[in-house]
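Nothing in this text is a laboratory measurement; each read-out follows from the coordinates by a stated rule. Predicted, not measured: the structure shown is a model, and the values here were computed from it. Virtual Cβ from ideal backbone geometry, glycine too; neighbours counted across all protein chains shown.
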Amino acid sequence: MSERISGILTPNITPVDSSGRIDEDTLCGYVDWLIDHGVDGLYPNGSTGEFVRFTATERRRIAEIVITQAAGRVPVLVGAAEANARETIEACEAYGAMGARAVAIVSPFYYRLSSEGVYAYFREIANHVSIDVTVYNIPMFASPIDVATVIRLASDCPRIVGIKDSTGDLPSMMRMISAIRPMRSDFSFLTGWDVALVPMLLAGCDGGTNATSGVVPELTRAIHRNVQAGNIDVAMQLQYQLLPLFDIMLGLGEFPEGFRAGARSRGWDLGPGRVSITSVQREAIDEDQRKIDVMVQDAVGICADQTTTTEKIQKIVGQVLKQLES
């Protein structure tokens, strides 16, 4: 039985150059930076990576670069959604051959399916792939995956090993955890809704796939680790630090332009993305860039202070233990 997928996995932005092509060198550098700053995993070809704005061939290349550059340092969860089950199965097998830990698949988009249709779709995929599958519930963009369907899939499909849920619906998450965990200890629960990270972790989630971790990986990591350690007051203080930053980045321009602005605050110019914006939007982005710069630096500073304090405490404990031993 595989170990549950856990921690903070980054749905990384896909860097592009001025011509709109994948900027492979920048992507490699960005992967190294994210790992060096403490992310627990990477998630290429997610919504933040604008997977629908790239071709199937480009998506394969993006995944290949990230998996190769990660080189086993952290697990890679690859977005594998294509236009239909057959092509999605082919993508899953390709990513498995590359060395992905698992794949994440949204339910069918554009055509709204019933719960029975969603179940049939994921069951068909799960029965024909050799890589672990996580289902991705994001009803603002795709057919919703209700609680009963997730429970049914977890019961019927051993290859489905988790869910990434981006609704922020805490009661639904709790219902899934209470029903599935007793029968599937290997099943992972990940939240994609950054502003509810602490409550979701307290409810039993294993971690998150959070867009803000591509901007302030120190902050999302600190939230996760403090909840694990039982430092709930600290975790909530950090959560409230994360909330306004997430809100301004989510609402800026056309998604994920605000997160590209956040990356610029950390010194990463990841290019313009693949969505057109007007001059009015560009002016708003330039104006809010300064606000994001300040908020990002504040968040990084708080994490640095906390790390310093933790290191001091650990050093003191170590000195006391040495004295007791002597």
* **Radius 9 Å from Cβ of residue 98, net charge of other residues (Lys, Arg +1; Asp, Glu -1)** => 0
* Please work out how much length the chain gains when fully extended from residue 93 to residue 21, using 0.36 nm per residue of separation minus the C-alpha to C-alpha distance, in nm with one decimal. => 23.4 nm
* Asked: Treating the beta-carbon of each Lys and Arg as +1 and of each Asp and Glu as -1, no other charges, what is the dipole magnitude of the chain about its Cα centre, to the nearest 20 debye?
  -> 600
* Orientation-averaged projected area, Cα convex hull of the range 1-42 (nm²) -> 3.8
* Stick to the Cα atoms of the range 1-82, pair each with every other, and give me the Kirkwood hydrodynamic radius in Å at one decimal. => 12.9
* Distance in nm between pseudo-label sites at residue 124 and residue 278 (7 Å out along the Cβ direction from Cα) -> 4.1
* Asked: Nearest 0.05, what FRET efficiency do residue 291 and residue 155 give at R0 = 56 Å with Cβ-Cβ as r?
  -> 0.75
* Asked: Of 137, 14, 280, which is farthest on the positive side of the dipole of the chain, counting Cα position, with +1 on Lys and Arg Cβ, -1 on Asp and Glu Cβ, and the Cα centre as origin?
  -> 137
* Structure fact -> Hull volume per residue for the range 7-231, using the convex hull of the C-alpha atoms, in Å³ is 114
* Asked: Taking the Cβ of residue 87 as the center, what net charge do the other residues with Cβ under 13 Å away carry, scoring Lys and Arg +1 and Asp and Glu -1?
  -> -1
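Set the Förster radius R0 to 35 Å, insert the Cβ-Cβ distance between residue 236 and residue 36 as r into 1/(1 + (r/R0)^6), and round the FRET efficiency to 0.05. List each step's numbers first, then the result.
On the way: r = 27 Å, r/R0 = 0.77.
With R0 = 35 Å, the Cβ-Cβ based efficiency is 0.85.
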